[in-house]
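Remarks on the structure that follows.
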Amino acid sequence: MYVGKSVKRVDAYDKVTGRAMYTDDLADRKALVAKVVHSTVAHGIVKHVDTAEALTVPGVVKIFTCFDVPEQRFPTAGHPWSTDPHHQDVSDRNLLARHVRFYGDDVAAVVAENEVAAAQAARLVKVEYEKLPFVTDVQEAMADSAPLLHEEFPNNILAHTTMGYGDFDEAIREPGLLKFEGWYDTPIVQHCHIENHVCYAYKENGKIVVVSSTQIPHIVRRVVGQALGIPWGRVRVIKPYIGGGFGNKQDTLYEPLCAFLSQELGGRMVKLDVSREETFVSNRVRHAVRSHITSYVRPDGTFVARKLEAFSNQGAYASHGHGICAKGMSAFTQLYPCKACRGDAYTVFTNLPVAGAMRGYGIPQAMFAGESHVEDIARALGMDSLELRRKNMMPVGFLNAFDHNENYYDSFNQCLAVGMKEIDYEKKLKAYQNQTGDIRRGIGHSIFWYNTAVWPISLESTSCRMVLNQDGSLQVQLGETEIGQGADTAFAQMAADTVGVRLEDVHIISSQDTDITPFGLGSFASRQTYVGGFAIKQTGLLFRERILTYARELTRMPVFNLDIIDGNIIRTTDGRVLLPLSDLATEAIYSLNHSAHITAESTYQVKSNAYSFGCCFAEVEVDIPLCKVKLLKIVNVHDCGTLVNPQLAEAQVHGGMSMAIGYGLSEQLLFDPKTGKTLNDNLLDYKLSTTMDHPDLVARFVENAEPTSAFGTKSLGEPPACPGAPAIRNAVLQATGVAVNRVPLNPHVLFERFKEEGLL
Amino acid sequence: MQTKLIKCTINGKERELMIDVRASLTDALRNDFRLTSVKKGCEVGECGACNVLIDGECFNSCIYLAVWADGKDIRTLESLLGEGGELSDIQQAFVDEAAIQCGFCTPGVIMTAVEILDTKRLYTRDELRKLLSGHLCRCTGYENIINAVEKVMKKRLGLP
Amino acid sequence: MYDMKALYEANSVRHACELLLAHPGAKVIAGGSDVLVQMREGRLAGCELVSIYGLDELRGISLDEDDTLRILPLTSFSHITKHPLINEIIPVLGEAVDMVGGPQVRNIGTIGGNTCNGVTSADSASTLHAWNAVMEITGIGGTRQLSIKEFYVSAGKVALLPGEILTAILIRNADYEGYKGHYIKYAMRNAMDIATTGCSVNVKLTADKKTIEDARIAYGVAGPVPMRAPSAEAAVRGLPANAETAELFGKTALQDVNPRTSWRANREFRLHLCETLAKRALLKAIELSGGEI
């Protein structure tokens, strides 16, 4: 059995030798180069685009402006399409914008023979705007007087939904309740995958082929079809290795524009290589969410009624939209069940870069607000915050009516116990109480809520294909993509176990090609081992059945007495090896009696979902005069069900923890209040953690096999990014007594807070 | 177009090429020599994905003019592989320690690891962090990368 | 591919000066870690460049006959840090430039480039100010010397005339003998960052190590160019080498500095840093000099 073993990555050799080919490595060097001209106003109407001077640059082939593209609006979110118009994503993008809604919007595209000419010409394109007032604050944008971004959405509200249970007004009438209230802010951050988004397009056999650094090739195919107004079968999308995505590439980015440019230039190959600066501004970012939480609590710490108002800053276009804030609201209402709970979530357009999916999908924001708030309640009550959490957190057996998720195990307590031991919690908690002096230490923690995949919010469909080769090895194909997380390796392990072959005989096809790869939605929602697992299991069993049926012909034994183990056909009654699968495979193909190309392919529609819980402990040292937090130790503990590959799982947790550390301490996109321009659109000014900004990262697991899952697995990709920021914040609170209700806890914020609290 | 003939050693082989003077070394290595392990992540020397060894020292090739390579000895990740496709010890350690995820920062990081290991010195973990700090990685949290480099460093020095 | 109009490669200092005179709009490129970034960003797009990268005669560190430390401008940061003369005479400079960017940047970045771009945040500049560095400048007509204070004219502008390049940075024996220094780079990250504020302090203690004979302090990002804090220096001269003096040092430094508010940090926070860093750097410098707090 391979599931549960730390086998080496199937793509390790190619990646460690530099042979793994990414989009730009594959593009023809002679491809034309496209460069987007971006808006230099935060809000306005393009009156005129003067391309005359730009066109004189030698090497410029053509310039397309917002007046040259069809009025053909399309959605971009990496969601499965819905045939029900009410559930479709908002179609609010054009290939290029005449009404520009943020500083960095796409106004025109230059196509040239080389990158220098493209860049020179792009700088020379003169755009005349009718400037409009703009708004960047999420609550100001909801005011009647605020500038309106999209006519169809009054008060800029893309969506407003509520959620809850119990009679809130009745519940809070209980005598003796204590009321706690807090406002919490999270920043706009960016994914910062090291490979920027890049794509190229050309025409072949009457089709537009787009090779793209994307997480979602089949979805991109649909959106390119919608954007260009061409049948979806006329679009072919190929996804090679990608240098990270983290949700930014779970969106259709520049593929439609690139395809359009190629189409307009007779199908010549056009490459659109996004710069780092454009990645920060003109791709996607994580929603900043402002949360207002009110809790009514008994003096013994029992939560009675809780209320959340959340305001999610969508930026200029809908992209993934309300899903992010709504998911955060789900977490709020479920993590600490009480008598009555109410959630109000608003997603609001502003004149800022477009927010989309990013690792955690609303939960890092919700956990920062919720877990900071719980800590503050504990402090006010003089209670140990861990006890307060234990008293109120989701109990075993909790069943959520909407998605039928059930809390099967005591994961929270188990994870907390592991984390406490790992960080020596009780000893440190005691040691760090009541400190004075310039340099103080503290310890903090946070739990988190997560779930797996997107059912029942939207479709979960996955398909797998297996093809037997003459040597008994097989190809495996899925629509779920390898984006660095190790999905291909996990899939190969699952396929080997299901079919009964050695791992080295499973050839997972890493690249997706929508003309060839069975339909699948791609990689997102921490769903790949869960969702892909169903398709692999179902298809693998079908495939086995076909092999064994053929084996019956060769061995004259009944299928029910046959099995495939380690690549051999075995008689189960006595364990005898009847023949190697390789012999069967060769015979099946070349048999003069019965030639058969043995394959299997099936679709599994997933109609379940699974909770995935855990916690984080952080220990910090705060230098008060320097306003700096040094993270001394950090431990994440996860129950993500069965670990398919413990070593890769641990590695994935490290990456999520690193992102959470950045979220908690340093990362934040900044905007000029006068112009709406992004100020720190580069890796020097955007403070992504370096090797020197981390302590060693400790990842631990509790393994409770998920009952609804084909292989006992549930989500792990995003959860590690969720609890770190509040754990750090709570550790700083213990160290200094200062509650900071916004991330990142960078020196600028700490300086202000320490002054307010009289520490400086 | 202004060009210049340059002669240099690339991965052990003497090479001669007419170079567009506007080219970065990244451009030349990727486009002229098709050494695509040299990645573009920011093109302004902030991420380390394009890192190569020049006369034994690490440089971000994106902010190094290709014409400056004249007379230099340049090594990219492609130079580490044995003739039969055998991995070098540091590459094997990256595989064994699960130090690779998306793989995009990997070539640059490994070349810095080569520079570190070639000093034949023992470094503390904090010193290794500093020596590797010119590389941004969003997948690994650096943890297993540091583990891999530390493991090979100790092994080469005959330490447990 | 860079948007560069033309590249002229100098094969000698004189040739470099001639090229600069012949192409008045051209920018000097030493290591490129600044110029090429600006070219990529578009600020220097379409510019002509005179490359002095190939001038190996401008690399190295040596002692003149009068024991003046001579640092040639194309010496990379990493070579400065590793150089025995630096470690013996002015280790704080090696430590300061070891905080620039990351290892690859320190291999390409040069101390000449770091000072000639006239940027206030340069990690080498505050230490060079604090050690009274002298800048040796060469043009067609010969060589002249300027104090580093005079060298920095205004933000981004240094006192190089057309056709001139920096050919050495000198630190005189009298300015280093008996001094020990400490540099604190305050940044948002521990690597790959520019200083929010940098502070370089050095002291000379009396023989009994109890009194400050001389103290010098210079800041980066406390004003438009790197700057000394003369009031602070004067205030502590002759005072006991203790924590109280360090407090006074930090407070007095505020009379000299004038940081501005930018989106990277506001003035008030930078002022707070100026005071705190001065205090801490002085204490460290005293400790390095053998004093006891």
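Measuring nothing but how far apart in sequence close Cα pairs (under 8 Å, 6+ apart) lie, relative to its length, region A:465-603 scores a relative contact order of 31 percent. Potential lengthening of the chain between A:D50 and A:T549 amounts to 172.7 nm, from the contour at 0.36 nm per residue minus the alpha-carbon distance. With 17 Å as the cut-off, how large is the P(r) tail for region A:661-721, expressed as percent of Cα-Cα pairs? Value for region A:661-721 (Cα pairs over 17 Å): 63 percent. Each Lys and Arg adds +1 at its Cβ and each Asp and Glu adds -1 at its Cβ; summed about the Cα centre, chain C shows a dipole of about 820 debye. Length gained on full extension, B:M1 to B:R34, computed as 0.36 nm times the residue gap minus the Cα-Cα distance: 9.7 nm. Annotation for A:R98 and A:Q470: the two label points, set 7 Å from Cα along the Cα-Cβ direction, are 6.1 nm apart. Since only A:Y103, A:V116, A:A12 are under comparison, the one whose Cα sits farthest along the positive direction of the charge dipole of region A:1-128, derived from C-beta charges on Lys, Arg, Asp and Glu, is A:A12.
Using 0.36 nm per residue and subtracting the Cα-Cα separation, the extra length available between A:E128 and A:V577 on full extension is 153.9 nm. The alpha-carbon of A:K755 sits under 16 angstrom from the alpha-carbons of these aspartates and glutamates, leaving out residues fewer than 8 places away in its chain: A:D438, A:D623, C:E268, C:E275. Every pair of different Cα atoms in region C:4-51 enters the Kirkwood calculation, which places the hydrodynamic radius at 10.7 Å.
Of the listed pairs A:K427/C:K279; A:K8/A:K428; A:K674/C:K279; A:K5/B:K151; A:K677/B:K40, which have alpha-carbon separations greater than 28 Å here? Before the final figure, lay out the partial values.
Details: A:K427/C:K279 34 Å; A:K8/A:K428 37 Å; A:K674/C:K279 37 Å; A:K5/B:K151 22 Å; A:K677/B:K40 25 Å.
Listed pairs above 28 Å: A:K427/C:K279; A:K8/A:K428; A:K674/C:K279.
Within the shell of other residues whose beta carbon sits under 12 angstrom from the beta carbon of A:G44, the net charge comes to +1, with Lys and Arg scored +1 and Asp and Glu -1. Taking Lys and Arg as +1 and Asp and Glu as -1, the other residues whose beta-carbon sits under 14 Å from that of A:V16 total -2. Here's how it looks for A:R441: its modeled amide H is under 5 Å from those of A:V622, which are all 5 or more places away or on a different chain. Between region B:1-55 and region A:422-444, the alpha-carbon centres lie 51 Å apart. Within a straight-line Cα-Cα reach of under 14 Å, A:K714 can be paired with the following aspartates and glutamates, leaving aside sequence neighbours fewer than 8 residues apart in one chain: A:E406, A:D639, A:E703, A:E706. Distance from the Cα centroid of region A:53-81 to that of region A:671-747 is 36 Å (rounded to whole angstrom).
Under 13 Å from a point 7 Å along the Cα-to-Cβ line of A:R298: which residues of region A:373-404 have their amide N that close? Residues passing the 13 Å test: A:391-392. Under a 5 Å amide H cut-off, with hydrogens placed 1.01 Å from N, A:Y241 pairs with A:M21 among residues at least 5 apart or on other chains.
Could you please report the charge total around A:S91, scoring K, R as +1 and D, E as -1 over all other residues with beta-carbon less than 11 angstrom from its beta-carbon?
Surrounding charge for A:S91 is -1.
Tell me, what is the FRET efficiency for C:D64 and A:K179 to the nearest 0.05, using R0 = 56 angstrom and their Cβ-Cβ distance as r?
On the way: r = 75 Å, r/R0 = 1.34.
With R0 = 56 Å, the Cβ-Cβ based efficiency is 0.15.
Pairwise Cα separations in chain A fall into 10 Å bins from 0 onward with the following percentages, short to long: 3, 14, 23, 24, 19, 11, 5, 1, 0. Over chain B, with a Gaussian network built from C-alpha contacts below 10 Å, which listed residue (B:S61, B:S88, B:S37) shows the highest mean-square fluctuation? So, out of B:S61, B:S88, B:S37, the one fluctuating most is B:S88. For region A:334-355 and region C:70-136, what is the separation of their C-alpha centers, rounded to whole Å? For region A:334-355 versus region C:70-136, the Cα centre distance is 51 Å.
Once C-alpha pairs closer than 8 Å and six or more residues apart are averaged by separation and normalised to the residue number of region C:135-206, the relative contact order reads 25 percent.
Of the listed pairs A:K15/A:K62; A:K239/B:K155; A:K35/A:K131; A:K339/A:K630, which have alpha-carbon separations greater than 28 Å here? Mind showing how you got there, number by number?
Working: A:K15/A:K62 37 Å; A:K239/B:K155 39 Å; A:K35/A:K131 24 Å; A:K339/A:K630 40 Å.
Over 28 Å Cα-Cα: A:K15/A:K62; A:K239/B:K155; A:K339/A:K630.
Counting only Cα atoms, I'd like the Rg/Rh figure for region B:3-80, Kirkwood definition for Rh. Over the Cα atoms of region B:3-80, Rg/Rh equals 0.92.
All of the numbers you see were taken from the coordinates with simple rules; none came from a lab. What you see is a predicted model, and the numbers here were worked out from it, not measured in a lab. Reconstructed Cβ throughout: ideal geometry from the backbone, glycine too, with neighbour counts over all protein chains shown.
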